[in-house]
Amino acid sequence: MITVEEARALLFDLVGPLPSEQVPLAQSAGRVLSHAVVATRDQPPFAASSMDGYAVKADEVELHAMFKVVGESAAGRRFDGSVGPGQAVRIFTGAPVPDGADFVVIQEDTDRRGDLITITDHPGPKTNIRPAGVDFMAGTPITAPRLIRAEDVALMAAMNIAWVPVSRKPVIALISTGDELVMPGEEPGPDQIIASNTFGLRALLEGLGAVVRVLPIARDTVSSLETAFDLARGADLIVTIGGASVGDYDLVSDVSQGLAMDRSFYKIRMRPGKPLMAGRMGDTAMVGLPGNPVSAMVCGYLFLAPMVRRMLGLEMVLPPFHSARLTEPLTENGPREHYMRAVLGETGIQACADQDSSLLSVLAQANALLVRPPNDPARKTGETVQYLPI
């Protein structure tokens, strides 16, 4: 058996960043920017007023000074003339500052009667003008790679970037295996259960930016598994769920190797999730997850999620560990690294009482995985432990 760290290194050797594609700006949110983009113009492209008021010459601004209003500058419609001595232009927020003016007196500091204004309150030293290019200049970059947020979309729109280079979404084929499984909504037989892992993993992977193809359940026969692998052709990653152990009906390893899979490893020194295997089938990476629901989901957090981030070209593929204090004691850990379902609260973290790897109800209550190193000694209340948010 290998360690979690060793398994990740081998998994990362199986996948790499995917090619880039161009998408419209409106469809770029949530995608990964694959190459830097640069502004095509200055923002603002002209000196602009930051307030409603009157544009005048700064050296004429003083209490009780009077000006004649000679025009108006609005957003999208500038004043074409030039401001001379003793003159003012009515101006609105975002409008271009007219030539000859270098100060905007806010309207609250003035009194207007007809075409004459008087400064009635001391305007202070602030010019109330945003210089051209104060936000960004033509050529200012947005660096890559990065997950594109709504704020990035707004910035690219202001930069007049209509098409955005993004990493192609990885296509992942999910194959659930087992005669005991039926799909949600179907009527299970007396000895059958619902295929829950498929849908939990699909939600996880799609949330990370992958395109997930859920294939028909593969039954416990060689021909059914071979058909499922054939249907998975064209995927960047094939993920099987169940059938990766050593029982009489655990056929995934034999069938995949019969289809020329080059196996990278089998079994990890961890719990839950020990019977995990991985390799490559031609140009496609393949990961075989254990069938227990919690084991499959924990392996999804620890291994599949970083693989997706790597395929998307993100730099931070591994989530950092966090620290918290125990609110209840823990007994000593065994020889395998243990990822315990836990609840993180305001006062600290507490491991869930039942860590059985079949209990999805416990996983749904948890918001963290408390990480125990191999042979970690018993821990007292108040001691600091590491965890991963989920």
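The values are calculated or read from the model by the stated rules, or taken from the named source; none is laboratory data. These numbers were taken from a predicted model, which means no experiment stands behind them. Note that each Cβ is placed from the backbone with ideal geometry, even for glycine, and that neighbours are counted across all protein chains shown. Only protein heavy atoms, including side chains, enter the accessible area calculation; ligands, DNA and RNA are left aside. Shrake-Rupley method; radii C 1.70, N 1.55, O 1.52, S 1.80 Å.
Examine the range 211-227 for a residue that is free of Cβ contacts under 8 Å to residues at least 60 places away in the same chain, under 28 Å from ARG372 (Cβ atoms) and not hydroxyl-bearing (Ser, Thr, Tyr), and state whether such a residue exists.
No, that holds for no residue.
Considering only residues that are polar (S, T, N, Q) and at pLDDT 85 or above, look in the range 226-255 and name the one that is nearest to ARG8 (Cα to Cα).
Filtering first and then ranking leaves THR240.
Residues that are charged (D, E, K, R), open to solvent by 60 Å² or more (accessible area, probe 1.4 Å) and free of Cβ contacts under 8 Å to residues at least 12 places away in the same chain, at least 1 per element: which strands (runs of 3 or more DSSP E) completely within the range 86-142 meet that? Break it down stepwise before answering.
On the way: elements: 87-91, 103-106, 110-113, 116-119.
Because the criterion is at least 1 residues that are charged (D, E, K, R), open to solvent by 60 Å² or more (accessible area, probe 1.4 Å) and free of Cβ contacts under 8 Å to residues at least 12 places away in the same chain, the strands (runs of 3 or more DSSP E) in the range 86-142 that meet it are 110-113.
For the structure I just gave you, tell me whether VAL83 is modelled with pLDDT of 95 or more and open to solvent by 30 Å² or more (accessible area, probe 1.4 Å). Before the answer, list the steps.
On the way: modelled with pLDDT of 95 or more: yes; open to solvent by 30 Å² or more (accessible area, probe 1.4 Å): no.
It is false that VAL83 is modelled with pLDDT of 95 or more and open to solvent by 30 Å² or more (accessible area, probe 1.4 Å).
Out of (1) open to solvent by 50 Å² or more (accessible area, probe 1.4 Å); (2) closer than 26 Å to LEU147 by Cα; (3) in a helix (DSSP H, G or I), the odd one out for MET297 is which?
Here MET297 meets the rest and fails (1).
All but one of (1) in contact with a Gly (Cβ under 7 Å, 6 or more places away or on another chain); (2) modelled with pLDDT of 90 or more; (3) over 16 Å from MET307 (Cβ atoms) hold for SER264; which doesn't?
Failing condition for SER264: (3).
Enumerate the pairs (first residue in the range 254-282 and more than 26 Å from ARG336 (Cα to Cα); second residue anywhere and at pLDDT 90 or above and assigned to a loop (DSSP other than H, G, I, E, B)) with beta-carbon separation below 7 Å, excluding pairs fewer than 6 apart on the same chain, so at least 6 apart or on different chains.
So the pair list comes out empty.
One line per residue, one yes/no per condition, for (1) open to solvent by less than 70 Å² (accessible area, probe 1.4 Å); (2) basic (Lys, Arg):
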site: SER323; (1), (2): no, no
site: LEU326; (1), (2): yes, no
site: GLU332; (1), (2): no, no
site: ARG341; (1), (2): yes, yes
site: SER357; (1), (2): yes, no
site: PRO374; (1), (2): yes, no
site: LEU388; (1), (2): yes, no
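Tell me, which strands (runs of 3 or more DSSP E) lie completely within the range 1-77 with 1 or more residues that are in contact (Cβ under 8 Å) with a residue 24 or more places away in the chain and open to solvent by 60 Å² or more (accessible area, probe 1.4 Å)?
Values: elements: 20-24, 53-56, 66-73.
By residue number, 20-24, 66-73.
Quick one: count up the residues across the range 340-365 that are in a helix (DSSP H, G or I) and out of contact with any helix residue (DSSP H, G or I) (no Cβ under 9 Å at 6 or more places or on another chain).
Final tally of qualifying residues: 3.
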